[in-house]
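Worksheet: the structure to be examined is printed underneath.
All of the numbers you see were taken from the coordinates with simple rules; none came from a lab. The shown structure was predicted, so the numbers you read here are calculated from the model rather than taken from an experiment. Using ideal geometry, Cβ is built from the backbone for each residue, glycine included, and neighbour counts are taken over all protein chains shown.
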Amino acid sequence: MSAVPTLQPDAQSAASHRDQVEDQLGAHNYHPLDVVIARGSGAWLYDVDGRKYLDCLSAYSAVNQGHCHPRILAAMTEQAQKLTLTSRAFRHDQMAGFYEDLARLTGAHKILPMNSGAEAVETAIKAVRKWGYEVRGVPVNQAEIIVCANNFHGRTLGIVGFSTDPDAYGHYGPFAPGFKIVPFGDYDAFDAAITDRTVAFLVEPIQGEAGVVLPPPGYFTRVRQRCTERGITLILDEIQTGLGRTGKLLAEEHEGIEADVTLIGKALSGGFYPVSAVLSNADVLGVFQPGQHGSTFGGNPLACAVARAALRVLTEEGMIDNAATLGAYFLERLRALPGPVREARGRGLMLAIELEPDAGGARLWCERLQARGLLAKDTHGHTVRLSPPLVVTRDEVDWACDQLAAVLSAA
Ligand SMILES: Cc1ncc(COP(=O)(O)O)c(C=O)c1O
């Protein structure tokens, strides 16, 4: 590696120096809005100059509990002073409580903690393949997993290998075989893709990154039934939809179904720290024996303490009900917006507006909203995602809608 370039601090402007450093030293794998956040509290973010913004992204739903929630902060600080990491080579005193809290809340029979969402997805894929060979009797190395077009399950090589987004998979191959891609929400296509080697169906309850896309009513009931009939493990990726975002603890509750394996992450730590988990209702996680899967940081004491506090805050402070009530209200107001809005959609506080294709692209509208103090994220060209922390108030939702209306009616 050649020498690191020397950066000359710009005497006149710390801001331009900061931009210069980011542009020179940082890989350009993100295209952030031009705002530099220094502080967050509840549903609000504050930039380096003290301007405040309503956060309508919530770090892709990792900050459901609101920024820097004091109870989670207290749990993190307290645990950080006692013990942060043992690795799983030794037991530690925070693990059992974490398992018990999650099991009580979700009904999970087995739990495997990891760190990022993508690791939880990878863990589920490994577990379900192993289960397919050892329990279902599928010929070794022939297991098939059905996934959906326009999925987003993370960024590892294994996962992007079954993405249909060229930005996600382009020039990263060759990829692992064993995945069949079907259109999201199309039951017949799912059914037609099943073979004797199908071990699992991996799917998001609502496709978030694809632009907050909901399946047709009844889709998941039929999928659930078919999975049961064919001995297929239904894996719901609730990393974004889970933990209150859609107005229920898990989005599967809207469909009246139970997944065999549920993946959660993001808000499991309230945005403090990467914590994810695989929750298993069937015997899938039972296939792992010591040494067959793991992570140095997965399930560490700090993560367990933070996650327990994040779950308590979520369930004890009315956030899930708030997401249901205010989500319905927000959606109603989004549907009444003026200007080039083709559709408003979503569930709970996982919402989006899709703009007309000739409206100039969603990024432009996010920049205009930023100028009025609202931070949102464009996705897939014409869609603006709106997913504030679940602590948002009705007044704040009204304020957000006023900003949207002002920006859109000036179109
Ligand atoms: C549905 C879903 N699955 C998995 C992931 C990956 O999570 P992480 O970025 O923590 O790896 C995401 C992240 O946006 C997601 O939305």
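Tabulated results
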{"item": "Sequence-distant residues sharing a close amide H with M114 (under 5 Å, placed H)", "result": "S276, A277, V278, G299"}
{"item": "Calculated [θ] (222 nm, deg cm²/dmol) that DSSP helices of n ≥ 4 give over the chain, each run adding -39,500 (n - 2.57)", "result": "-10500 deg cm²/dmol"}
{"item": "The stretch 70-316: antiparallel DSSP beta bridges as a percent of all, rounded to 5", "result": "40 percent"}
{"item": "Residues K266, K52, sorted so that the one with the fewest Cβ neighbours within 10 Å comes first", "result": "K52, K266"}
{"item": "Quotient of Cα Rg and 2.2 N^0.38 Å for the stretch 158-267, N being how many residues it contains", "result": "1.08"}
{"item": "Computed over the chain: relative contact order in percent, which uses C-alpha pairs under 8 Å that are six or more apart", "result": "23 percent"}
{"item": "Nearest-0.05 FRET efficiency for D283 and T393, computed from C-beta distance (R0 35 Å)", "result": "0.20"}
{"item": "Most mobile listed residue (G161, G211, G97) in the chain, GNM with C-alpha springs under 10 Å", "result": "G97"}
{"item": "Selected from G360, G381, G173 as most flexible by GNM, with the chain as the system and alpha-carbon contacts under 10 Å", "result": "G173"}
{"item": "Taking H92, H69 and counting other C-beta atoms within 10 Å, the order from fewest to most", "result": "H92, H69"}
{"item": "Residue exposure sequence - R224, R136 - by fewest surrounding Cβ within 10 Å", "result": "R136, R224"}
{"item": "³J(HN,Hα), Karplus 6.51/-1.76/1.60, whole Hz, each residue of the stretch 299-316, x for Gly, Pro", "result": "x, 6, x, 5, 4, 5, 5, 5, 5, 4, 5, 4, 5, 4, 4, 4, 8, 8"}
{"item": "Coordinate range along principal axes, alpha carbons of the stretch 323-399, Å, largest first", "result": "33, 23, 21"}
{"item": "P(r), alpha carbons of the stretch 62-118 - 10 Å bins starting at zero, rounded %", "result": "17, 42, 40, 2"}
{"item": "Long-range tail of P(r) for the stretch 1-156 (Cα pairs > 21 Å, %)", "result": "71 percent"}
{"item": "Rounded FRET efficiency, nearest 0.05, which uses the C-beta distance separating Q24 from A189 and R0 of 60 Å", "result": "0.80"}
{"item": "Cα-projected label distance for T228 with K52, points at 7 Å along beta-carbon direction, nm", "result": "5.0 nm"}
{"item": "Coordinate range along principal axes, alpha carbons of the stretch 103-160, Å, largest first", "result": "35, 29, 18"}
{"item": "Rounded tilt (10° steps) of 70-80 against the dominant C-alpha axis of the chain", "result": "60 degrees"}
{"item": "Over the chain: Rg over Rh, Cα atoms, Kirkwood Rh", "result": "0.97"}
{"item": "Taking the C-alpha atoms of the stretch 190-335, convex hull volume expressed per residue in Å³", "result": "139 Å³"}
{"item": "For A200, net neighbour charge (Lys/Arg +1, Asp/Glu -1) across residues whose Cβ lies under 9 Å away", "result": "-1"}
{"item": "Estimated vicinal HN-Hα couplings, Hz - the stretch 328-336 in sequence order (Karplus 6.51, -1.76, 1.60; Gly, Pro = x)", "result": "5, 5, 4, 4, 4, 5, 5, 5, 9"}
{"item": "Set of the stretch 172-214 residues, backbone N closer than 14 Å to the point 7 Å along the Cα-Cβ line of A59", "result": "none"}
{"item": "Hz values of 3J(HN,Hα) by residue in the stretch 275-287 - Karplus curve (6.51, -1.76, 1.60), Gly and Pro given as x", "result": "9, 9, 7, 9, 10, 10, 8, 9, 9, 4, 5, x, 6"}
